[in-house]
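Structure record follows, encoded as structure tokens.
The values are calculated or read from the model by the stated rules, or taken from the named source; none is laboratory data. Note that the structure is predicted; figures quoted are calculated from it, not measured. Cβ placement follows ideal geometry from the backbone for every residue including glycine, while neighbour counts extend to all protein chains displayed.
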Amino acid sequence: MSRSLVPLGDALAAVFDNRGKTPRKLGGDWSASGHRVVSALNIKGHRVDENNHHYISDDLYQKWMKEPLRAGDVLLTSEAPTGEVAFLDRDVDWALGQRLFALRALPGLLDGRFLYYSLRGGNVRHQLMARSTGTTVSGVRQSELLKVMLDLPSVEEQVAIAATLGALDDKIESTRRVRDLLRSLGSARLVAAIAASPSNSLPLRELTTSITRGVAPKYADDDPGAPLVLNQKCVRDGWVTTSQARRMFDRDVAPQKMVTDGDILVNSTGTGTLGRVGRWHAGSIYADGHVSIVKVDTKVADPTVVAYALFRREADIEALATGSTGQTELSPGRLSALTIELPDREVSAELESTLLALEARIHGLRVEEGLLSSLRDALLPELLSGRIGVSEVATVLA
């Protein structure tokens with residue numbers, strides 16, 4: 001298979017960024033509606049978070065953007081953090097915000113989706129991170145980005161590689177949508193149960209055996225056999241994942257400081273992540289001191305029902321925090337005072353069985369999603385480098 005080594009700068013039709021455009025607040029550059037501004041903060045998990053945006057007027061959009069972003073463009077964060085990437089599968093009238101590049105592949109030489117996957121992993125990813133500089137905040141300059149070397153097969157092979165990896169991503173996304181729908185169904189069941197029966201409003205402390213922060217870990221990231229410790233990055237959108245967990249030296253801790261099956265985790269420090277709620281389902285694991293561990297007292301409440309009640313209260317939990325910007329804290333005491341509404345205990349017991357069955361299905365989907373993600377991550381560098389051909393993995397996706 002013929003391949004060519006090409007600098008990224010020679011394989012792009014255009015590079016867009018917003019240098020020199022530092023927006024002011026609403027009443028200045030920001031408007032209540034208009035063109036959505038997408039910045040580095042919106043690039044999460046290889047996608048664009050379309051829930052939290054500012055807007056600018058059409059006049060300002062015309063000044064900011066030389067031309068609209070379009071399907072096939074790749075968005076890449078330049079710093080804080082460096083290297084988050086997303087692919088645009090449709091034309092958009094978004095304005096490019098801070099700390100973000102938009103890369104447009106040169107037709108006939110580079111496929112946009114292949115570039116997207118190249119920036120996600122393998123040698124291109126390693127080069128990108130190696131070219132990042134800075135002390136307090138690390139970032140990559142455009143001049144350095146364009147020096148990254150691409151090892152390119154034919155465009156036809158690029159398209160086939162991207163399609164193979166995309167098929168795995170589609171399976172992962174489909175699994176994610178199903179589990180999100182199941183969680184939404186459970187929340188709807190809880191709301192209906194509360195509406196249809198007498199309900200009880202009780203502070204969380206009366207429904208739990210303990211609410212406490214996790215441990216202060218001594219990290220052992222270089223030891224692959226060391227136990228994992230969850231942190232705030234592990235709790236997002238109602239779910240808990242170990243993908244960003246770290247390793248720590250094993251130690252003895254009080255039972256209430258160890259996360260076990262069915263425990264509810266609440267992020268409890270900082271801004272942006274504080275208030276997120278998730279439920280753990282996979283044995284015993286450590287959590288660090290930025291996470292509160294909520295253990296439901298099964299003698300007085302049904303744990304899955306309580307978990308679903310807390311999923312709906314993330315905004316209220318975030319509002320309980322105290323402290324200045326960037327130093328906000330949610331103490332176990334303030335969290336324990338949160339009042340939640342539950343259905344009558346008899347109704348709750350029936351609902352517990354329903355929700356528990358849903359969570360079992362959800363957990364199975366999360367395991368499947370993890371296996372698919374691991375397969376994709378293993379195949380990505382092999383396919384990009386040509387060490388494995390597309391035909392060799394076709395049976396995996398059949």
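Points to keep in mind about this one:
- Residue among 388, 317 that alone is in a loop (DSSP other than H, G, I, E, B) and more than 21 Å from residue 260 (Cβ to Cβ): 388
- Residues in the range 269-292 that are among the aliphatic types (A, V, I, L, M), in a strand (DSSP E or B) and more than 18 Å from the chain's Cα centre (by Cα): 2 in all.
- Qualifying residue in the range 337-344 (condition: assigned to a helix (DSSP H, G or I) and exposed (fewer than 15 other Cβ atoms within 10 Å of the Cβ)): no
Yes/no matrix, rows are residues, columns are (1) touching a strand residue (DSSP E or B) at 6+ places or on another chain (Cβ under 9 Å); (2) surrounded by 14 or more Cβ atoms within 10 Å (Cβ to Cβ):
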| residue | (1), (2) |
| --- | --- |
| 146 | yes, yes |
| 150 | yes, yes |
| 168 | no, yes |
| 194 | yes, yes |
| 200 | yes, yes |
| 204 | yes, yes |
| 217 | yes, yes |
| 223 | yes, no |
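- Residue 359 being within 26 Å of the chain's Cα centre (by Cα), surrounded by fewer than 17 Cβ atoms within 10 Å (Cβ to Cβ) and in a helix (DSSP H, G or I): no
- You will find that of 321, 398, the residue that is in the same structural domain as residue 170 (by TED's automatic domain parsing) and at pLDDT below 95 is 398 and no other.
- Just one of the listed residues (324, 373) is surrounded by 16 or more Cβ atoms within 10 Å (Cβ to Cβ) and either under 20 Å from the mean Cα position of the chain (by Cα) or of a type in the set (S, T, N, Q) (or both), namely 373.
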